[in-house]
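Here is the structure we will look at, set down as structure tokens.
What follows is calculated from the coordinates using simple rules that are stated; it is not laboratory data. Treat the numbers as computed from the prediction; the structure is a model and nothing was measured. Backbone-built Cβ (ideal geometry, glycine too); neighbour counts: all protein chains shown.
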Amino acid sequence: MSDLCDEFRALCEAVRRPLLAFCRHAVWRADDAEDLLQSALLTAWRRFGEFRPGTNFRAWVFRIAALEARNVNRRSRGAPLPEEEPPGRAPDVVEMLEREWDYEALLADPETVVARLSGEVRVALGTLTPNERSVLLLRAIGDLAYREIGDALSMPLGSVMGFLSRARRKMRERLTEAARARGLVGESPRGSP
Amino acid sequence: MTCPEARALLDRLLDGALDPVEERALGDHLAACATCRGRADAEGRLEAAIAGALSEPGPDADAAWERAMARLPAPRRSRAPVVAAAAGLLLAGAAALWLALPRHREVDLAAALLACHGDLLANRVTLTEAPIGEACRSLRSRIEGLPKLPPALPEGFILAGSGVCYRDGTPIGYLAVHRGAAPLSVAVLPPASRAAFPEAWARVESPGGLFHCRASGLSFCAFRADDGLAAALGDVSPADLEALAGAWRR
């Protein structure tokens, strides 16, 4: 095996687990995860000559994986994309208070609640728009900085921050709803069940 | 700082993305407000728990990894001097001069433009088709301090589209240009890009103000454009790129 191949494999090995997780979650159809992994690694290998030694390989390879995810999802004939939600009925004050109360109850022990809602985390992720999902995954799994995410997705910093903020808000709301539905939170400030 | 103002900054605090002024103000608030301090801690734990749940590679992931690695083709080149690839290039009369050029790895902007060019060839960029005067106005309205584009490209070069791309958070005025059938990528940068691309700036500020190198088998040329910087890359001769640069350097 050549030195170049050894170097590439060693760099990939260091990001193996997060890259596998990214490929698992970045596709809209679960069956496409392995296709994405193969496309991302193959493209990274073909373009390895462009990688500048000493720079951030993790950001470089996640950028390629994010671009390949777009291609794989475009080719896929899976479920329709989640779209921006139309403005619905604004929650009234009582609903807002209950949601905030439930959220604060979730925050009292977030590790336990999320551990019991692992399936719902994936469901919540599936409700994000493509940009929200990409930005969240690159931040949460790829551990990329805002600038690196913007670079990966050809997106200005302001958009990165906007998508990430919306993605986090939606994830928190969906997990709070799921926690309430599962009875993990739900004591309202008014004392009703 | 009020509690709602502090809470609006908590996500960016978790991401290490606050500027020093915000960080100091938020730090002062958290030091004085136990409620917001508790909220910051709890939201940090929640985000870590969500990231942990998303970071599970899933069943059979290791087998998929091994299959993907096993399918990578054998290496075609190494970081050592490229003897085999060079042999094909020796057909051209100017090849000896071309091969003497430094490698793009030494120049930051060449690597960035190469990535843009890859996106262009893979049809991953969205560009606006407009005459060069309109492209100039549009790009200069979006990137502060961007040098003007020339009123026209040299004969034989056709502007296919323009847009703004970002590399390391730095906006780059990007032009897709055709030279016959060969697509070229052209980057135009304002003086403020000096911090992002120090190597390219150092090269073009040397005598001559024009710098050539090879980048993954393509020609790359960087040059001064007014008080900014421009660069071009493509599967054409260095002389072609120099002709294109001439439009800025008149």
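Can you pull the mean other chain C-beta count within 10 Å for peptide B:63-71?
6
Taking the beta-carbon count within 10 Å as an exposure proxy, list A:43, A:176, A:55 from fewest neighbours to most.
Details: A:43 18, A:176 26, A:55 12.
In increasing order of surrounding Cβ atoms, one gets A:55, A:43, A:176.
Among rounded, prolate and oblate, which fits region A:93-181 when a ≥ b ≥ c are the square roots of the eigenvalues of its C-alpha gyration tensor, a/c under 1.5 means rounded, and a/b larger than b/c means prolate?
Details: a/c = 2.41, a/b = 1.85, b/c = 1.31.
The shape class here is prolate.
Convex hull volume of the Cα atoms in region A:3-75, per residue, in Å³?
On the way: hull volume 5.6 nm³, N = 73.
Each residue corresponds to 77 Å³ of Cα convex hull volume.
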Please report the net charge: other residues with Cβ closer than 11 Å to the Cβ of residue A:181, K and R +1, D and E -1.
0
Quick one: order B:229, A:67 by neighbouring beta-carbon count within 10 Å, fewest to most.
A:67, B:229
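Please rank B:33, B:3, fewest neighbouring Cβ atoms within 10 Å first, as an exposure proxy.
Working: B:33 16, B:3 12.
Ascending number of Cβ neighbours within 10 Å: B:3, B:33.
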Would you mind counting up the charge near residue B:66? Only other residues with Cβ under 12 Å from its Cβ, with Lys and Arg at +1 and Asp and Glu at -1.
0
Each label point is 7 Å from the Cα along the Cα-to-Cβ direction; what then is the distance between the points at residue A:123 and residue B:195, in nm?
4.6
Inter-chain shielding of A:31-44 (mean C-beta neighbours from other protein chains, 10 Å cut-off)
3
How charged is the neighbourhood of residue A:22? Take every other residue with its Cβ under 14 Å from the Cβ of residue A:22, and add Lys/Arg as +1 and Asp/Glu as -1.
+2
Charges on Cβ only, +1 for Lys and Arg, -1 for Asp and Glu, centred on the Cα centroid of region A:93-181; of A:125, A:137, A:153, which one is farthest towards the dipole's positive end?
A:153
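Want the number for residue B:48 to residue B:181: 0.36 nm per residue separation, take away the alpha-carbon distance, what's left?
Details: separation 133, 0.36 × 133 = 47.88 nm, distance 5.04 nm.
Here the segment from residue B:48 to residue B:181 would lengthen by 42.8 nm.
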Taking every residue in A:22-29, how many Cβ atoms of other protein chains lie within 10 Å of its Cβ, on average?
3
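Classify region B:120-193 as rounded, prolate or oblate from the Cα gyration tensor: take a ≥ b ≥ c as the square roots of its eigenvalues, call it rounded if a/c is under 1.5, otherwise prolate when a/b beats b/c and oblate if not.
Numbers: a/c = 1.87, a/b = 1.27, b/c = 1.47.
Oblate is the answer for region B:120-193, as a/c is 1.5 or above yet b/c matches or exceeds a/b.
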